[in-house]
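> Got a structure for you, written out below as structure tokens; questions coming shortly.
The values are calculated or read from the model by the stated rules, or taken from the named source; none is laboratory data. What you see is a predicted model, and the numbers here were worked out from it, not measured in a lab. As a convention, Cβ positions derive from the backbone with ideal geometry for all residues, glycine included, and neighbour counts pool all protein chains shown. Side chains are part of the model used for accessible areas, which takes the heavy atoms of the whole protein and leaves out ligands, DNA and RNA. Shrake-Rupley method; radii C 1.70, N 1.55, O 1.52, S 1.80 Å.
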Amino acid sequence: MSSKFRGKYLQIIPKGIAHLEFKKSGNHYTWRKVTTTVHNIIVGRLWVDNHGEMDITNHKTGDKCHLKYSQYSYFSRETPRKVTGIVSDLTGEARWVLTGTWDERLECAKILRTKSTSKGTPLFESGPHKLLWKFIKPPPENEKIFWFSHLAMQLNEPEEGVAPTDSRLRPDQRVMEEQDWDGANKEKVRLEEKQRAARKKREMEMDRAQTEGKPVIGYEPVWFKKQRNPVTGNPIHIYTGEYWQAKQNQEWSKCPDVF
């Protein structure tokens, strides 16, 4: 991921490839996220815009979906946050059209016939639209809970027996949820200093190993291993399958002391 700060706005540009694989069907999808721009960083009310183009590929069937996220413009008459797309098969023939917005709903329609305009661009005649996705309205008085959705609130719910490195156990986060802002800031500073000290220790150990001619072992994740993805050829971290067994046995000796 890379970012660009331009004073009034911040652009976040994802670089990695997202994967979604269904084990039963064997369908394996990959895509790169579009650019996200956060406006009014310094002055004014914050608002977010997603824009750019995205290609979703099914590596089993060869089907591809090309989506276009239209960038917001004050002078444009287009629907704000508009998303349009085409789903094509292995031969490149368009089969479905997609339309909607990235914050409310997305619909699809099967292409019945394709015509060409005088400019040579394709014109699709489609059947009835089907609803693919619809935004679920947030709970009442949502502004009092940081505008969290139901999913966001569930992701942060405490759970017993998890790894000591689980982000839900972050003390500064817990104190903040209890509205102790001063205590949360103190915990945040303590954690940051602890992380800096741990990184400095790792760097010193690596330097010592290089000086002594020993193998240099860098930081390695506990529950994932890095390898080359057979589909995209890019490096990716694969889950080792050890976490749930460790949770069942409550064996966390592999976990570093991060909090």
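> With the full set of protein chains in place, find how many percent of the accessible area of the stretch 21-178 is carbon and sulfur; take the probe as 1.4 Å.
55
> Taking a probe of 1.4 angstrom, what is the accessible area of Arg32 in Å², to the nearest 10?
120
> Cα centroids of the stretch 160-229 and the stretch 127-155: how far apart, whole angstrom?
32
> Defining a contact as two alpha carbons under 8 Å apart and six or more residues distant in sequence, what relative contact order in percent does the stretch 37-145 show?
For the stretch 37-145, the relative contact order is 15 percent.
> Next up: Kindly give Rg over Rh for the chain, based on alpha-carbon atoms, with the Kirkwood expression for the hydrodynamic radius.
1.02
> How big is the stretch 10-70 along each principal axis, measuring the range of its Cα positions in Å and listing the largest first?
For the stretch 10-70, the Cα spread along each principal axis is 49, 20, 17 Å.
> Pairs of Cα atoms under 8 Å, at least six residues apart: use those to get the relative contact order of the chain, whole percent.
Value for the chain: 8 percent.
> Using a 1.4 Å probe, how large is the accessible area of Phe135, given in Å² and rounded to the nearest 10?
Accessible area, nearest 10 Å²: 100 Å².
> Please state the relative contact order of the stretch 133-259 as a whole percent: Cα pairs under 8 Å, 6+ residues apart?
23
> Compute the whole-percent fraction of alpha carbon pairs in the stretch 16-126 spaced more than 20 Å apart.
53
> Starting from the residue with the highest accessible area, list Trp244, Trp223, Trp31, Trp133 in decreasing order, probe 1.4 Å.
Of Trp244, Trp223, Trp31, Trp133, the descending order of accessible area is Trp244, Trp133, Trp31, Trp223.
> Where the only charges are on Cβ atoms (+1 Lys, Arg; -1 Asp, Glu), what is the dipole of the stretch 196-259 about its Cα centre, to the nearest 20 debye?
Dipole about the Cα centre, nearest 20: 160 debye.
> Can you tell me how the stretch 139-247 classifies by the Cα gyration tensor, rounded, prolate or oblate, using a/c under 1.5 as the rounded cut?
Oblate.
> Sticking with this one: In the stretch 104-163, which trypsin sites (Lys or Arg not before Pro) fall in coil by DSSP and have 12 or fewer other Cβ atoms within 10 Å?
Lys119
> What is the angle, in °, between the Cα long axis of helix 181-211 and the longest principal axis of the Cα atoms in the chain? Nearest 10 is fine, range 0 to 90.
The two axes meet at around 80 degrees.
> Further, regarding this structure: If R0 is 35 Å, what FRET efficiency do you get for Glu107 and Ile41 from their C-beta distance, rounded to 0.05?
Calculated transfer efficiency: 0.55.
> Tell me the net charge near Asp207. Cut-off is 13 Å between Cβ atoms, Asp207 excluded, with +1 for each Lys or Arg and -1 for each Asp or Glu.
+3
> So, one more: In square angstrom, what is the accessible area per residue of the chain with a 1.4 angstrom probe?
Averaged over the residues of the chain, the accessible area is 76 Å².
> Would you mind checking which residues have amide H under 5 Å from Ser126's amide H? H placed 1.01 Å from N; only 5 or more apart, or other chain.
Here Leu112 satisfy the definition.
> With θ taken as phi - 60° and the coefficients 6.51, -1.76 and 1.60, list the Karplus ³J(HN,Hα) couplings across the stretch 115-123 in order, rounded to whole Hz; mark glycine and proline as x.
10, 10, 7, 5, 8, x, 7, x, 10
> Given the options Ser118, Ser25, Ser149, which has the most mean-square fluctuation in a GNM of the chain, springs set between C-alpha atoms less than 10 angstrom apart?
Ser118
> For Val87, tell me the accessible area in Å² from a 1.4 Å probe, rounded to the nearest 10.
Taking all protein chains as shown, Val87 has close to 40 Å².
> What is the magnitude of the charge dipole of the stretch 54-191 about its Cα centre, with +1 placed on the Cβ of each Lys and Arg, -1 on the Cβ of each Asp and Glu, and no other charges, expressed in debye to the nearest 20?
Computed charge dipole of the stretch 54-191: roughly 980 debye.
> Something else about it: May I have the convex hull volume per residue, in Å³, for the Cα set of the stretch 170-221?
51
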